[in-house]
Amino acid sequence: MKNSDTPAPQWIGAADNEMMQRVQKWLADGRTLAWLPIHSRENFPEVPPDILYYAEQCPERHVWFVDELDDFLNIPDGITGWLLPEGDKDTDVVVGLWEDKLHFLSAIDKRTGERQTLQGGRNWEVVDEPTETPA
């Protein structure tokens, strides 16, 4: 529960940002969302690649649960992660929180340039969505 001194998270993205719209719908439908940090060199530059690879493959990953917009304030600032709605097995939604602002991103395979999903690949880098603009 936040107090009056706690900032409210802000959505960053154009009104027609499809990824942001999906997340807003999931929350409106009452679905619990699981935020799973992406163990990558971009998120954790000081951690050796073999440890990151192991952490990313581990089925017992640390997860933050999101039931309402304010729950996004509990995820680590500056770290991107997959956002998986309850009941789904895969997702292409990547969310990061920077200074109380939610950003919607894509994971891109470094070798092919193709968009990736949580289950679809492990050689990604995170990039801004092309439709993203400050609200």
Which ordering of ASP77, ASP92 is given by a fewest-first count of other beta-carbon atoms within 10 Å?
ASP77, ASP92
Length gain on complete extension for the stretch PHE65 to THR112, per 0.36 nm per residue less the alpha carbon to alpha carbon distance?
13.8 nm
Fully extended contour minus Cα-Cα distance, from TRP98 to LYS25, at 0.36 nm per residue:
24.1 nm
The residues LEU102, LEU83, LEU52, sorted from fewest to most surrounding Cβ atoms within 10 Å, come out as LEU52, LEU102, LEU83
Give me the one-decimal nm value for the distance between modelled label points at TYR53 and THR32, 7 Å along each residue's Cα-to-Cβ direction.
3.3
Evaluated at 20 °C and 1.002 mPa s, the Stokes-Einstein D of the range 11-128 based on the Kirkwood radius over Cα pairs, in µm²/s, stands at 147
Arrange the following residues from fewest to most other Cβ atoms within 10 Å of their Cβ: THR91, THR112, THR117.
THR112, THR117, THR91
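A short reminder: the numbers here are calculations on the coordinates, not readings from a lab. Being a predicted model, the structure only gives us computed values, none of them experimental. Every residue, glycine among them, receives a Cβ derived from its backbone with ideal geometry; neighbour counts consider all protein chains shown.
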